[in-house]
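This report concerns only the one structure given below.
The values are calculated or read from the model by the stated rules, or taken from the named source; none is laboratory data. The shown structure was predicted, so the numbers you read here are calculated from the model rather than taken from an experiment. Every residue, glycine among them, receives a Cβ derived from its backbone with ideal geometry; neighbour counts consider all protein chains shown. Keep in mind that these areas ignore ligands, DNA and RNA; they rest on the heavy atoms of the full protein, side chains included. Shrake-Rupley method; radii C 1.70, N 1.55, O 1.52, S 1.80 Å.
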Amino acid sequence: MNNAVSKLKEYMQKFQQYETIENLLYWDLSTMTPEKGVESKADAIGYISTEAFRLSTSDEYGALLKELSTPEQFEQLDDALKVTVQRELRNYERFVRVPEDFYTEYVTCKARSQKAWEAAKKADDYSLYAPHLDKIISMTKQYVHYMEPELPPYEVLIDMFEEGMDTYTIDRIFDELKEGLRPLLAKIKESKQPDLSALKGTYDIPAQKKLQELLLSYIGFDFSMGAVAESEHPFTTGIGSGDVRVTNHFREDDPIAAIFSAIHEGGHAIFDQNISPVYENTVVRQVNLMGLHESQSRFYENILGRNRNFWTPLYEKIGDLLPQFRNIPFETFYRAINEVKPSLIRIDADEVTYCLHIILRYEIERAIFNDEVTTEELPSLWNDKMEELLGIRPSTDAEGILQDTHWSDGSFGYFPSYLLGSVYDGMFLEQIEKELGSIDELLAQGKIMEITKWLNKNIHQNGSLYTSAEVIQRICQKEISAKPLLNYFNRKYSEIYSL
Ligand code: ZN
């Protein structure tokens with residue numbers, strides 16, 4: 001092996017070790033750490049991530065990446081190493097342009113802002129958060145300007161979460177969705193809402209955990225390379241190779257929330273568990289394409305998990321674990337998991353109105369980065385957009401602008417990836433049905449593994465070798481469009497609501 005390539009692999013191995021340690025600490029912090037142990041874990045995470053950052057921005061590493069990107073060296077690399085060199089060099093060049101004292105101040109500002117957001121949300125008082133948010137916004141603009149002085153800041157942010165994506169494409173897709181959803185939601189509003197009172201009750205938590213295990217195995221989660229635990233907010237993380245873990249949050253009065261969190265995180269985990277081992281020690285094994293990752297969790301959660309036929313082989317088994325389900329008619333359960341109703345909180349929204357929650361955030365982020373709105377005006381802009389898009393108006397900021405954590409840590413540009421994930425799903429669904437036949441039939445026959453295998457082969461095994469747009473082009477031979485998602489919504493909800 002070429003000397004520079006083996007050096008690159010050594011770096012990659014080191015980064016992977018740092019990442020394993022950091023993720024393991026983070027996993028422990030979120031699931032197990034007692035109150036008094038929090039600070040030392042947080043310190044250790046800070047230490048290890050600073051070490052990794054130093055290594056990835058060192059002069060020596062930069063020189064190596066530049067050497068490997070010269071045409072004569074670059075042409076000899078395989079595809080995964082080409083992607084590795086390109087992505088690493090781009091990140092290297094972005095990060096070395098950020099002055100170290102600015103970066104330290106930014107990190108501290110983010111930590112303070114998150115604390116202020118928590119307090120403001122609890123007290124339902126935007127004024128406690130506004131000065132911090134103001135600072136985060138101006139620092140994020142500056143941060144991105146350091147990294148890419150020639151590019152509009154919001155484009156850079158979008159690209160950081162979904163490589164290759166831009167606002168031109170997002171505008172086109174989101175406008176298509178806004179237009180397409182309006183008539184559907186109007187019709188649903190006019191129609192009869194289901195009676196879901198049969199679901200009220202208290203559900204045993206150990207039994208909910210057994211149900212989670214059953215569901216994860218059923219959809220293809222591999223317990224020989226994965227584990228589960230509990231945390232305040234469900235998440236998925238890889239800890240070194242051969243180990244992908246998910247968490248869930250259980251409530252006695254709401255088994256459905258835990259069921260769908262399990263399926264959602266299971267989708268993320270199945271993606272990571274099936275990345276081909278040939279990509280060890282390259283960036284391909286890490287999927288930082290948030291839209292593509294979200295497309296997989298949402299495919300399992302919504303396209304499969306909210307399909308009537310998904311539950312045909314399973315419904316009786318739920319009743320065995322949670323006996324209350326024996327008294328809940330299947331139809332009531334099916335209506336409950338597909339109830340479309342405008343609501344104030346994004347994370348509780350159904351799959352249809354969820355789209356509008358994201359469009360709202362995207363439009364506000366655009367306004368922030370085009371300097372069209374001040375921090376003081378944000379709560380009323382939020383409420384006006386809620387009314388315009390969903391027809392309801394929050395009565396407090398806790399139900400409005402204070403509900404999400406993303407902006408408090410500078411993650412502007414992240415929200416669109418959730419909805420892009422669903423848009424990709426519409427396209428994947430169309431293609432799967434072309435190749436494998438009706439998804440309803442496969443699910444009704446309990447052949448979900450045929451779908452999982454299709455996703456493994458066409459998407460998961462490649463990790464982040466291709467950008468989302470490339471994945472879609474390769475699989476569907478089309479550019480990204482919201483039409484398949486709209487077709488899916490119209491078909492499904494016309495039947496459910498007898499439209
Ligand atoms: Zn997710």
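At a glance:
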{"quantity": "Residues of the stretch 441-479 classified as open to solvent by less than 10 Å² (accessible area, probe 1.4 Å) and assigned to a loop (DSSP other than H, G, I, E, B), total", "calculated": "3"}
{"quantity": "Evaluation of Phe271 against (1) closer than 30 Å to Val156 by Cβ; (2) in contact with a Ser or Thr (Cβ under 7 Å, 6 or more places away or on another chain) (one fails), failing number", "calculated": "(2)"}
{"quantity": "Segments classed as helices (runs of 4 or more DSSP H), wholly inside the stretch 223-336, with at least 2 members that are within 16 Å of the ligand (Cβ to nearest atom)", "calculated": "255-273, 290-298"}
{"quantity": "Filter result for Tyr362 (closer than 22 Å to Lys178 by Cα and within 16 Å of the ligand (Cβ to nearest atom))", "calculated": "no"}
{"quantity": "Of residues in the stretch 68-92 being without any contact (Cβ under 8 Å) to a residue 24 or more places away in the chain and in a helix (DSSP H, G or I), the one farthest from the chain's Cα centre (by Cα)", "calculated": "Glu72"}
{"quantity": "Output for the stretch 26-37, where each listed residue is open to solvent by 30 Å² or more (accessible area, probe 1.4 Å), of a type outside the set (A, V, I, L, M) and in contact with a strand residue (DSSP E or B) (Cβ under 9 Å, 6 or more places away or on another chain)", "calculated": "Tyr26, Ser30, Thr31"}
{"quantity": "Some residue of the stretch 223-232 being in contact (Cβ under 8 Å) with a residue 60 or more places away in the chain, among the polar types (S, T, N, Q), surrounded by fewer than 20 Cβ atoms within 10 Å (Cβ to Cβ) and under 30 Å from Lys200 (Cα atoms)", "calculated": "yes"}
{"quantity": "Check on Ser380, surrounded by fewer than 17 Cβ atoms within 10 Å (Cβ to Cβ) and on the phi < 0 side of the Ramachandran plot", "calculated": "yes"}
{"quantity": "The stretch 453-470 residues that are under 14 Å from Val278 (Cβ atoms), paired with ones that are open to solvent by 20 Å² or more (accessible area, probe 1.4 Å) and among the basic types (Lys, Arg) (beta carbon under 6 Å, 6 or more apart)", "calculated": "Gly463/Arg285"}
{"quantity": "Identity of the residue in the stretch 38-90, in contact with a helix residue (DSSP H, G or I) (Cβ under 8 Å, 6 or more places away or on another chain) and charged (D, E, K, R), that ends up surrounded by the most Cβ atoms within 10 Å (Cβ to Cβ)", "calculated": "Glu88"}
{"quantity": "From the options Gly426, Gly413, residue that is buried (at least 17 other Cβ atoms within 10 Å of the Cβ), outside any helix (DSSP H, G or I), within 20 Å of the chain's Cα centre (by Cα) and modelled with pLDDT of 95 or more", "calculated": "Gly413"}
{"quantity": "Filter pass, Asp125 being open to solvent by less than 70 Å² (accessible area, probe 1.4 Å) and farther than 30 Å from Ser464 by Cα", "calculated": "yes"}
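Residue-by-condition table, conditions (1) of a type in the set (Phe, Trp, Tyr); (2) within 25 Å of Tyr106 (Cα to Cα); (3) part of a helix (DSSP H, G or I):
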residue	(1), (2), (3)
Ala4	no, no, yes
Met12	no, no, yes
Tyr18	yes, yes, yes
Tyr26	yes, yes, yes
Glu39	no, yes, yes
Ala42	no, yes, yes
Tyr47	yes, yes, yes
Glu51	no, yes, yes
Arg54	no, yes, yes
